[in-house]
1. Considering only region 113-223, give the helices (runs of 4 or more DSSP H) lying wholly within it that have at least 1 residues that are of a type in the set (F, W, Y) and crowded, with 20+ Cβ neighbours inside 10 Å.
2. Does Y40 meet the test of being in contact with a helix residue (DSSP H, G or I) (Cβ under 8 Å, 6 or more places away or on another chain), of a type in the set (F, W, Y) and open to solvent by 20 Å² or more (accessible area, probe 1.4 Å)?
3. Would it be correct to say that V70 is under 22 Å from S279 (Cα atoms), hydrophobic (A, V, I, L, M, F, W, C) and in contact with a helix residue (DSSP H, G or I) (Cβ under 7 Å, 6 or more places away or on another chain)?
4. For region 43-72, which residues satisfy the criterion of being open to solvent by less than 60 Å² (accessible area, probe 1.4 Å), in contact (Cβ under 8 Å) with a residue 40 or more places away in the chain, over 26 Å from S2 (Cβ atoms) and not in a loop (DSSP other than H, G, I, E, B)?
5. For the subset of region 256-290 comprising residues that are of a type in the set (K, R) and more than 22 Å from S94 (Cβ to Cβ), which member is most open to solvent (accessible area, probe 1.4 Å)?
6. Starting from residues that are open to solvent by 10 Å² or more (accessible area, probe 1.4 Å) and among the aliphatic types (A, V, I, L, M), keep the ones in region 234-255 and report whichever is nearest to L202 (Cα to Cα).
7. Report yes if S279 is modelled with pLDDT under 95 and closer than 24 Å to R28 by Cα, otherwise no.
Amino acid sequence: MSFRTQYLHALPSLTAATVPAAALTLFRYQATHCPPYAAYLAALGRNPATVESLEQIPFLPIEFFKTHEVRTDTANWQPAETFLSSGTTLQQRSQHHVREPELYRQHAQRIFEHYYGPLTGWTILALLPSYLEQGGSSLVAMVEHFAQASGQPQPAFFLHNHAALLAALAEAKEQPNRKVLLIGVSYALLDFVEAHAGRPELLNLTVLETGGMKGRRREMIREELHAELQRGFGSAGIHSEYGMTEMLGQAYSFGDGRFWAPPQLQILLRDPSDPFSVSATRASGALNVIDLANIDSCAFIETKDLARRHPDGSFEVLGRLDNSDIRGCNQLV
């Protein structure tokens, strides 16, 4: 049995206790078999054999996904699907090459169901116009899979047709034993609630915002955005998703802006001015992600997000480092 097969078999059952060993094993594998990561480590003069803890792992700057083909074990496969980051025509889009797309979809489903229960108990509706228009979105792929797995009769996506979405919400809310989840990019959700505030179709559903103004509206801090959405949807809380093109895992917030991640998605913080000062106990700083589902790309990503960690293991995303691109699906400045 190959290393990849053994690793993927163990991935769903990883726990907080078993993650460090699994992460170090994957690090040594990718340090040898992921050419851009191996070159980066060599340029740093780092010997993978001397790395003995998660904090000692050098994290790959996320920009590499724009400038390099970040793939592990490249001789044995070609991408079956490539996810592209959102962006303007002036921005170079990140590329995440996926060896087995079904693994991504099943992993995302496990995470969602861990927090929200079986998809068969949900109707999934989505307002993600810019992602649909640009194409190549991992978020669209995830939502499409969720809707199929739910067995819902309604279509999932509504580009700009508010009337059709209102009708779908009304129909979904009449189905017994089903809850309704509306997933949307921030500007589209704001447009929707401003046009239809007070409509009964907007009440008593779960709203999951994925961030992103796409230059359509002024940027807001998360608290302001959620207050605006809550006034329109009359919801007890607006949920959020933290994910990005370069990751195959997600974290979720359930209304208070604090994200929770499964064991397969580890969050470490660093000094914003020192990329190698990584700490598992630091209270705030720039965010590094260990996404253990990224076996075929690179699991160790240095993002440009700023975050705060809480003692209970949750984290908040506070903003972006200066001079870094505004990301579409995970972040508000």
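1. 129-134, 138-150, 186-196
2. On the way: in contact with a helix residue (DSSP H, G or I) (Cβ under 8 Å, 6 or more places away or on another chain): yes; of a type in the set (F, W, Y): yes; open to solvent by 20 Å² or more (accessible area, probe 1.4 Å): yes.
Criteria met by Y40.
3. No: the conditions fail for V70.
4. Just the residues of region 43-72 that are open to solvent by less than 60 Å² (accessible area, probe 1.4 Å), to begin with: 48, 51, 53-54, 57-62, 64-66, 70-72.
From what is left, the residues that are in contact (Cβ under 8 Å) with a residue 40 or more places away in the chain are 54, 57-62, 64-65, 70-72.
Narrowing further to those that are over 26 Å from S2 (Cβ atoms): 61-62.
Selection gives P61 alone.
5. Among them, the one singled out is R282.
6. Selected residue: A236.
7. yes
The values are calculated or read from the model by the stated rules, or taken from the named source; none is laboratory data. None of the values given here were measured: they were computed from a predicted structure. FYI the Cβ positions are ideal-geometry reconstructions off the backbone, even for glycines, and counts take in every protein chain you see. With ligands, DNA and RNA removed, areas are computed over all heavy atoms of the protein, side chains included. Shrake-Rupley method; radii C 1.70, N 1.55, O 1.52, S 1.80 Å.
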